[in-house]
Amino acid sequence: MVIAGRAVQGAAGSTILACGLSLLSAGTSGDEQMRAVSLWGAASAAGAAAGPLVGGALVDVTGWQGLFWIDAVIAAVCVPLTLRTVPESSDPSRSRSVDVAGTVLIAAVLVPFVFAVTEGADWGWLSAPTLICFLVSAAAVVAFVAVEKRVRAPLLDLALLRNRFLVGSSVAILVVAGCINAVMYVCSLYFQNPDGLGMTPLEAGVATLPAAAGIVITAPLITRFVDRLGARKVIAAGFGIATVAFAVFAFVTADWSYAVFVVPLVVLAFGLGLANGPSSSVATACVTTDQVGAASGISNMAAVLTAVTAALFSAVYTRQHANSAAVADALAAGFSRAAIGLALFCAFGIVLTLLVGRIRPTGPPTTAHYAAAAAAGSHTVPTRPVPTQSVTTRTDPVDGAPE
């Protein structure tokens with residue numbers, strides 16, 4: 001039942017993520033849109049900061065069941081409020097057909113892959129169940145591409161994948177979102193384990209606030225940095241800072257106190273915030289208005305990277321403990337190897353950013369784009385502002401310099 005409940009939560013959450021900024025984009029324009037998106041971003045950041053804290057308090061007071069009941073209370077308030085206050089938005093020119101086959105196949109790609117990655121350490125990486133899951137996932141990828149070429153309203157327009165600038169920025173968003181989710185997951189495991197830091201759920205929630213603070217601090221600085229340095233340099237610098245922070249975590253030992261974790265967590269969040277904001281902004285600016293939703297969907301697949309990190313943590317811990325290492329040392333080793341893996345992902349982000357060439361966008365990113373990018377710290381679909389006047393100056397989305 002818990003797994004079924006989580007599945008319902010995930011389906012509902014993904015629907016909200018896909019629609020939130022799109023509704024703001026359709027319902028506002030110009031300065032009004034910038035203010036709306038900025039407020040939405042602030043609310044997202046506040047939610048990200050409060051989530052672990054509230055979750056820890058609920059677990060301590062009500063038990064884990066409270067984590068589900070609170071969603072029911074929020075839904076009971078928000079559903080009638082949304083129906084009363086949010087206008088409907090639809091495009092009559094778009095096909096009403098649903099790509100059911102594509103939806104099923106993308107699930108067939110992700111579910112076996114994540115299952116194999118999370119259970120591979122226990123099954124054995126070369127065992128029949130693990131290999132079968134990977135084969136099913138690979139076959140589903142092939143089938144998905146074949147189906148998307150033939151359906152009238154594809155889940156993913158494969159033509160978008162020929163835009164290397166879009167693909168590069170989307171992968172950068174995926175790496176950032178995955179790293180944030182993954183490090184929060186590993187920190188939660190380590191902080192609460194009796195042989196780690198032995199915190200209660202509430203204490204662990206409070207302990208993750210420095211990371212949330214780093215993201216909040218970064219958001220208002222993104223536009224200024226991009227204006228001065230250009231998006232490509234800011235993204236590369238962000239990944240570089242995050243790589244250094246993860247490299248520090250690679251030296252975790254069993255005698256580390258929580259105080260040693262604080263500064264690397266803040267630095268990590270600052271770096272990932274720098275990389276995420278401009279990536280979201282330029283990904284939005286390099287496609288036409290009707291392509292924004294499809295173009296940004298990849299950024300919500302961050303759970304894959306989280307699953308890989310969790311599997312790495314578990315595998316190292318299990319192997320170290322099996323080799324008679326103390327539980328505390330095995331936990332620290334798992335945290336260290338997970339950090340090294342995430343550092344490599346961030347280093348890949350640096351290389352990816354520097355390799356992406358100067359590709360001209362369909363229009364220059366504006367202040368509202370950067371507001372949307374700041375909001376994307378919660379791993380949501382970025383939006384493209386409705387233009388209010390013609391633009392006479394072209395801007396390179398990578399370096400941000402007028403031509």
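Numbers at a glance
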{"read-out": "In the stretch 146-176, the residues that are loosely packed, with under 14 Cβ neighbours inside 10 Å and more than 21 Å from the chain's Cα centre (by Cα)", "value": "Ala146, Lys149, Arg150, Arg152, Ala153, Leu158, Ala159, Arg162"}
{"read-out": "Single condition Ala231 does not satisfy, out of (1) in contact with a Pro (Cβ under 9 Å, 6 or more places away or on another chain); (2) at pLDDT 85 or above; (3) within 20 Å of Ala347 (Cα to Cα)", "value": "(2)"}
{"read-out": "Qualifying residue in the stretch 233-242 (condition: in contact with an Asp or Glu (Cβ under 7 Å, 6 or more places away or on another chain), among the basic types (Lys, Arg) and touching a residue at least 40 places away in the same chain (Cβ under 8 Å))", "value": "no"}
{"read-out": "Any hit, the stretch 72-79, residues being surrounded by fewer than 17 Cβ atoms within 10 Å (Cβ to Cβ) and in a loop (DSSP other than H, G, I, E, B)", "value": "no"}
{"read-out": "Scope the stretch 116-144; condition modelled with pLDDT under 90, assigned to a helix (DSSP H, G or I) and surrounded by fewer than 18 Cβ atoms within 10 Å (Cβ to Cβ); matching residues", "value": "Thr118, Glu119, Asp122, Trp123"}
{"read-out": "Filtered residues of the stretch 237-281 (kept if over 22 Å from Ser336 (Cβ atoms) and surrounded by fewer than 20 Cβ atoms within 10 Å (Cβ to Cβ))", "value": "Ala237"}
{"read-out": "Number of the condition not met by Gly124 [criteria: (1) within 17 Å of the chain's Cα centre (by Cα); (2) at positive phi]", "value": "(1)"}
{"read-out": "Only listed residue being surrounded by 15 or more Cβ atoms within 10 Å (Cβ to Cβ) and either modelled with pLDDT of 75 or more or not aromatic (Phe, Trp, Tyr) (or both), chosen from Gly56, Gly10, Gly5", "value": "Gly56"}
{"read-out": "Considering residues of the stretch 83-98 that are over 14 Å from Cys19 (Cβ atoms) and part of a loop (DSSP other than H, G, I, E, B) only, the residue modelled with the highest pLDDT", "value": "Val98"}
{"read-out": "Hey, Leu202 closer than 22 Å to Ile340 by Cβ and part of a helix (DSSP H, G or I) or not", "value": "no"}
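The values are calculated or read from the model by the stated rules, or taken from the named source; none is laboratory data. Remember, predicted model here, so these are calculated numbers, not experimental data. Please note: Cβ atoms are built from the backbone with ideal geometry, for glycine as well, and neighbour counts cover all protein chains shown.
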